[in-house]
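Enquirer: Provided herewith is a single structure, encoded as structure tokens, for subsequent inquiry.
The values are calculated or read from the model by the stated rules, or taken from the named source; none is laboratory data. Small disclaimer: the values here were computed from a predicted structure and weren't measured. Glycine gets a Cβ as well: all are built from the backbone with ideal geometry, and neighbour counts include every protein chain shown. With ligands, DNA and RNA removed, areas are computed over all heavy atoms of the protein, side chains included. Shrake-Rupley method; radii C 1.70, N 1.55, O 1.52, S 1.80 Å.
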Amino acid sequence: MIRRAFEPLEPRIRSAGTKSPRWARIYYAFFHGGFGREQQAVLAGRRSYRRSLASPDGTSTILRRNVHRLEKGLLMRPRRVPFALDYIEETVDAYARCCAESTAIDPTELQWGHDVLSEYFAANDGQPEIQELKDTFFRAGSTCAVAERNGERMIPYRRNLTAPPPVTIEALADLAQRRRSVRWFLQKPVDRAVIDRALEVAAQAPSACNRQPFEFRIFDEPELVQKVVNIPFGLAGYGHNVPVAVVVVGKQRHYFDERDRHLIYIDASLAVMGFLYALEASGLASCCVNWPDIEGKEERMAELLALEPDERPVMLVVLGHPDPDGKVARSTKKNLSQLRRYNFE
């Protein structure tokens, strides 16, 4: 009834919304619910984030974020001593909780936290503000399966720049040119080990504070593949011959504030590009599938994948062995003058 009463004002409010964030919020509150699922996901993510502070499961978002912040402080030139006073207590508390539940935490993540915190306290040795926290850290570390090692420690390091990069720009450009969106695949199984190796490459993509707020949901059983590919647009006419379908899912639970709500899309997309190149280098072909924010399709995908309220599909990737007789679109790209500007030119 309220919406019908305001319907004659819709064009004016829509116009006002192009000039004012306040009127834009009013417009979407009364006339268009297109952002409702994203708002729900952000709120659910904030709730899950708060719960994870007390009970981390598999990974600790706050530990990953803060340890990466400590790494950046350790590599600064000149290094400020002391530093991180505004979040070191929070970091040590997170580390201690992870040690108390060490069987539920990725041991590599725990070791990374241990090594960076050890380096931090060594770099800030003698600072009275953090002495008590230093004692807490070493007591916590003695209770779980991390310890000082003689081997390489997981701390900031100098890259070996004496040797040339393992891939030339020419080879990389050739790989980028070779990789095209392939829609025709041979009907032969795809080795999961090859997909996993490509995902290991994808995992090296940059991610804000190293939180990696995404998951690759991979389907290679034909019946399940067809259920997945029948949901989005963009697969009409060729979805029937897709051997493997991947749904990239972003997780808002890694963020405490709405300001970071877009990072699931940014970080996941960065990882996907590495995944595509790694597949191509392994002899597999791929095609990205757009995921539009359409409520009916969101509901179907959420039901099929049993997604949590904070989880959103970012995009899909289909892959397989390319059919040598299948053609690809040329997809002529924009030239540099359309893609870049230096300074204010």
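Enquirer: Working only within segment 2-35, note down all residues that are open to solvent by 70 Å² or more (accessible area, probe 1.4 Å), farther than 28 Å from Glu298 by Cα and not in a helix (DSSP H, G or I).
Expert: Residue satisfying the conditions is Lys19 alone.
Enquirer: Out of Arg192, Arg178, Arg149, Arg153, report the one residue that is surrounded by fewer than 13 Cβ atoms within 10 Å (Cβ to Cβ), of a type outside the set (A, V, I, L, M) and modelled with pLDDT under 95.
Expert: Arg149
Enquirer: Scan segment 302-345 residue by residue and report those that are part of a loop (DSSP other than H, G, I, E, B), among the acidic types (Asp, Glu) and touching a residue at least 40 places away in the same chain (Cβ under 8 Å).
Expert: Answer for segment 302-345, where residues must be part of a loop (DSSP other than H, G, I, E, B), among the acidic types (Asp, Glu) and touching a residue at least 40 places away in the same chain (Cβ under 8 Å): Glu308, Asp310, Asp323, Asp325.
Enquirer: Which residue pairs have Cβ atoms under 9 Å apart, sit 6 or more places apart or on different chains, and have a first residue in segment 168-182 that is closer than 16 Å to Cys288 by Cβ and a second that is open to solvent by 100 Å² or more (accessible area, probe 1.4 Å)?
Expert: So the pair list comes out as Arg180/Arg330.
Enquirer: Right, something else. If a residue has to be in a loop (DSSP other than H, G, I, E, B) and open to solvent by less than 20 Å² (accessible area, probe 1.4 Å) to count, how many in segment 244-285 make the cut?
Expert: Number satisfying all stated conditions: 2.
Enquirer: Sort through Ile26, Ile88, Ile105 and tell me the only one that's within 23 Å of the chain's Cα centre (by Cα) and not aromatic (Phe, Trp, Tyr).
Expert: Ile105
Enquirer: Taking the condition of being open to solvent by 60 Å² or more (accessible area, probe 1.4 Å) and either free of Cβ contacts under 8 Å to residues at least 12 places away in the same chain or within 19 Å of Gln127 (Cβ to Cβ) (or both), how many residues in segment 49-74 meet it?
Expert: 2
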